[in-house]
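Since the structure comes first, as structure tokens, the remarks are kept for the end.
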Amino acid sequence: MSLKLLITNKNYSSWSVRAMLVLDHFGIPYELVLGRVKSVEVTNEIATEWITDWSGAGRVPVLRDGDLTVWESIAIIEYLADKFPARPIWPADPRARSLARAASAEMHAGFSNLRGEMPMNARRRYKDFSYSAETAADIARIQHLWGDCLARSGGPFLFGAFCAADAMFAPVISRFRTYGVAMTPVSAAYADAVWELPAVKGWLTDAAAEQTIIAKYEL
Ligand SMILES: N[C@@H](CCC(=O)N[C@@H](CS)C(=O)NCC(=O)O)C(=O)O
């Protein structure tokens, strides 16, 4: 198999999950490889590879296609869209595609308060989790953005059919569920639609079964 995706785990590694969902949802064959980070203390580590042997950036995900190495989740997704043009990884309509890319770029570059205060932990559920006003603003912006996209497309996914933008936000849905974030009815229906996808169900089943524990993400 020529494509290999290096990740650390499926429970905590939100950027890994984004690339993995694109591969899984669009039926692209690949080999999953588990990597480890020198600086992170992990219990029950089962990784076989040092991430720094794959990428100087030292972060996951990393995609290898033969002698080509691509890092950064969004660049990996763009590479997959280029390599598999018959798969609708981005919307076909150029206007919708530009908005899907804008939403994905906003996710990739932003929402640092949400990401910092609510690390992804797909299998955990917290009650009465409190968060800062800055994180509340991130949550409001995300739900506003989803509402705009869904109103424009008619749903059930942000741009009609599931695309890369939905993969970029799937870990946010996981965070909302983990930390009990209240969602608008429109956001909740969108989250439910994403959670019904076979690729998402597979991710969550695997995450729940993982033995790896990263203490700093167990709040
Ligand atoms: N901007 C990068 C972020 C990648 C990233 O931060 N990955 C985390 C795991 S989700 C990581 O490798 N953390 C290890 C570390 O920071 O040492 C991307 O989009 O791929």
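The values are calculated or read from the model by the stated rules, or taken from the named source; none is laboratory data. What you see is a predicted model, and the numbers here were worked out from it, not measured in a lab. Neighbour counts are summed over all protein chains in view; Cβ atoms, including those assigned to glycine, are modelled from backbone coordinates with ideal geometry. Side chains are part of the model used for accessible areas, which takes the heavy atoms of the whole protein and leaves out ligands, DNA and RNA. Shrake-Rupley method; radii C 1.70, N 1.55, O 1.52, S 1.80 Å.
Overview of values
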{"read-out": "Candidates 188, 151 - the one that is open to solvent by less than 60 Å² (accessible area, probe 1.4 Å) and either more than 18 Å from residue 111 (Cα to Cα) or not hydroxyl-bearing (Ser, Thr, Tyr) (or both)", "value": "188"}
{"read-out": "Test for residue 123: is it open to solvent by 10 Å² or more (accessible area, probe 1.4 Å), within 20 Å of residue 24 (Cα to Cα) and basic (Lys, Arg)", "value": "yes"}
{"read-out": "Matching residues, segment 33-48, being more than 10 Å from the ligand (Cβ to nearest atom) and surrounded by fewer than 16 Cβ atoms within 10 Å (Cβ to Cβ)", "value": "41, 43, 44, 46, 48"}
{"read-out": "Which listed residue is farther than 21 Å from residue 75 by Cβ, of a type in the set (A, V, I, L, M, F, W, C) and exposed (fewer than 13 other Cβ atoms within 10 Å of the Cβ), from 109, 137, 133", "value": "133"}
{"read-out": "Within segment 155-205, tally of residues that are small (Gly, Ala, Ser), farther than 22 Å from residue 115 by Cα and over 15 Å from the mean Cα position of the chain (by Cα)", "value": "5"}
{"read-out": "Output for segment 185-219, where each listed residue is among the hydroxyl-bearing types (Ser, Thr, Tyr) and free of Cβ contacts under 8 Å to residues at least 60 places away in the same chain", "value": "187, 190, 205"}
{"read-out": "Given (1) under 30 Å from residue 48 (Cα atoms); (2) in a loop (DSSP other than H, G, I, E, B), index of the condition residue 183 fails", "value": "(1)"}
